[in-house]
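The values are calculated or read from the model by the stated rules, or taken from the named source; none is laboratory data. Small disclaimer: the values here were computed from a predicted structure and weren't measured. Every residue, glycine among them, receives a Cβ derived from its backbone with ideal geometry; neighbour counts consider all protein chains shown. Accessible surface is based on the protein model in full, side chains and every heavy atom, while ligands, DNA and RNA are left aside. Shrake-Rupley method; radii C 1.70, N 1.55, O 1.52, S 1.80 Å.
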Amino acid sequence: MKLQCDVEVVNRMLPSFGLKNKGRSNRAVLSIGKHVDRSAQSSSLYLLICTNKDRSGSKYKLKENIEKFFTWFVEEGKATVRLKEPAIDICLSKADISSLKNFLSAARLAHRGSDTDSLPLTALGPVRARDVEKPKKKLSILSKKDYPLTSSFPYSLEQLQVSYCRLSRVDTRMLSLRALRRLDLSNNHIKKLPSTVGDLSCLAELILHNNHLESFGDGLCSSTLQTSLQHLDLSQNQLKALPARFCQLRQLVNLKLDDNELVRLPFHVGRLSKLRFLSAAHNRLAVLPASFRKLCLENLDLFGNPFTQANALDHTIHLTFPLTLQELASRAVVDLRIPHGPHVLPFHLCQQLDFSKACDCGRACVNSYIQTAVGMNLHLVSHTVVLVDNMGGTEAPVQKHFCSLMCYCEFMDGCVQRDPR
C-alpha cells in the first residue's frame, strides 16, 4: 500500500521545550509493509515515509500505536495521523482522495492488527527520486518527437500545451487531468472535440487555434465548462456555425472565432454578459443577431466579413392572419415568464420558445414575425472597435423583429421622420 502526497511531521513535544515546528511540508511516498526484526525473529507492520531529502525514509510502528485519525478534510485530500510513540502528528495533504481513503483504511487495520493478511502490503525500501519530486504543474510539448507515447501525463498538471504534434484527436490521457486549468492544443489536426472535455471541471482556458474543427459539440455547452471556461480560442478552423446552447458558457470573457466559415453568430450571444473581448474577423457573417445589442465589450473585431447593406425596407414576413392558437400561447408563456421545460412541453416547442424574438414594443414573437436588419454603430456595444472594412466603417447590420404589421409600420414611420429624404 503506497500513497503519494505532501507530508509534514509535527513533533508534539517541541512546544514544551519552547521550540516551534518548521511548518513545511515535503513531497513524500508513504508505504505500509512488514519490517522483519531478525534478532527477535518476528515481523510487524510499519509505516515508511520517504522524502526527497531522505529517500531511505523513516519507519514508524503501526500496531496499537495510532492514537487518533483526523479526517474532517479527507474530501479535500487532507488528513492527520497521530502516533503515540514517538509523539508526532503526520499531516497529509494534496493527496488523491480515493487513494487517501484506502490508505487510511489500511492504516486502521494495521493499528488493530486484524485482517492484515488482506492488506496490500509493499516492500519497505528507498524510493526513486522521481517519486518524491514536487508535482509538475506546467508542461509544454512542441514537437511530435517529444510527445509521450507510453508514459502518462503528470496527474498534477494545471497547464498543458501540446502544439505542432499533428494530433488528429484529443488524447484521452489528457482528459484524466482533473486539476487542468489551461489546455492548449493549437496547431494540430484535430477535427472533433470529445464531450468528455467537459469533465475537466477546473478548465478556464481552452485554446484550439489552427486545427481542423468542423463543429463545437452541443454537449460541451451543458457540461461543467458552463461554470469554469473563461477563455476560448477557436480561430483558424472550419466552423460554419456554433450550437444553439453555446451561450450557456456564461463565464466566457474572451472569445476568438477569427478565420472560420461562420455564417452566423449564436442567436443568444447577448446572454454572454461577462464577455469583454470578441473577435470574429474573416468569416462569412452577413448580419448580426438581434441580441448582439446587449453585449458590453472592451474590444470587438469583425473585420473582413461580407456584411449586407442594412435596409429596413428589405424585410421578410413570417406573419399569419389571424395568429394561430399555438403562437398566441407561446407568446403568453414568454411574456408572462411561465416556467416550462421538456417535462411539461414537447421538446420541439421548448426549442421554439428558446428562440423567441423580442419586438420593439417589448412583446415576444415566436414563429410569427417580420424580420429586417438595421445599421448599428458597433461603438454602442464596445469601447474599442476594429474597423469593419477598408473604408473606415464601424457599422454593421443587426437583425430586428416585429410582432405585428402595426409595430413594423410605426418603426418605418419613425425612420422617415428621422430621415425625411
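Brief remarks on what is shown
- Residue in the stretch 319-340 that is among the hydrophobic types (A, V, I, L, M, F, W, C), touching a residue at least 24 places away in the same chain (Cβ under 8 Å) and either touching a Pro at 6+ places or on another chain (Cβ under 6 Å) or closer than 26 Å to A286 by Cβ (or both) present: yes
- Every condition in (1) crowded, with 17+ Cβ neighbours inside 10 Å; (2) under 30 Å from L206 (Cβ atoms) holds for K137 except the one numbered (1).
- In the stretch 48-59, the qualifying residues are those that are assigned to a strand (DSSP E or B) and of a type in the set (S, T, N, Q), and the one that is nearest to the chain's Cα centre (by Cα) is T51.
- Condition broken by A123, with the remaining ones in (1) touching a strand residue (DSSP E or B) at 6+ places or on another chain (Cβ under 8 Å); (2) assigned to a helix (DSSP H, G or I) satisfied: (2)
- Qualifying positions in the stretch 298-332 - within 41 Å of the chain's Cα centre (by Cα) and either at positive phi or of a type in the set (D, E) (or both): E298, D301, G304, E327
- Yes/no for L275 being more than 27 Å from the chain's Cα centre (by Cα) and either open to solvent by 70 Å² or more (accessible area, probe 1.4 Å) or of a type in the set (A, V, I, L, M) (or both): no
- Annotation: of all residues in the stretch 60-103 being in a strand (DSSP E or B) and among the hydroxyl-bearing types (S, T, Y), the one that is nearest to K34 (Cα to Cα) is Y60.
- Lone qualifier among R293, R284, R276, R264 - being of a type in the set (K, R), under 19 Å from V388 (Cα atoms) and out of contact with any strand residue (DSSP E or B) (no Cβ under 9 Å at 6 or more places or on another chain): R284
- For the stretch 326-342, the set of residues classified as open to solvent by 50 Å² or more (accessible area, probe 1.4 Å), among the charged types (D, E, K, R) and either assigned to a helix (DSSP H, G or I) or under 18 Å from N367 (Cβ atoms) (or both) consists of D335 only.
- Residues in the stretch 229-242 that are at pLDDT below 95 and closer than 16 Å to N254 by Cβ: L242 alone.
- Among (1) open to solvent by 40 Å² or more (accessible area, probe 1.4 Å); (2) in contact (Cβ under 8 Å) with a residue 12 or more places away in the chain; (3) not in a strand (DSSP E or B), the one test that A107 misses: (1)
- The stretch 269-307, residues that are closer than 22 Å to C359 by Cα and either among the aliphatic types (A, V, I, L, M) or out of contact with any Lys or Arg (no Cβ under 9 Å at 6 or more places or on another chain) (or both): V269, L272, A286, V287, L288, A290, F292, R293, L295
- If you filter the stretch 353-390 down to residues that are out of contact with any Ser or Thr (no Cβ under 9 Å at 6 or more places or on another chain) and in a loop (DSSP other than H, G, I, E, B), you find that the one that is most open to solvent (accessible area, probe 1.4 Å) is N390.
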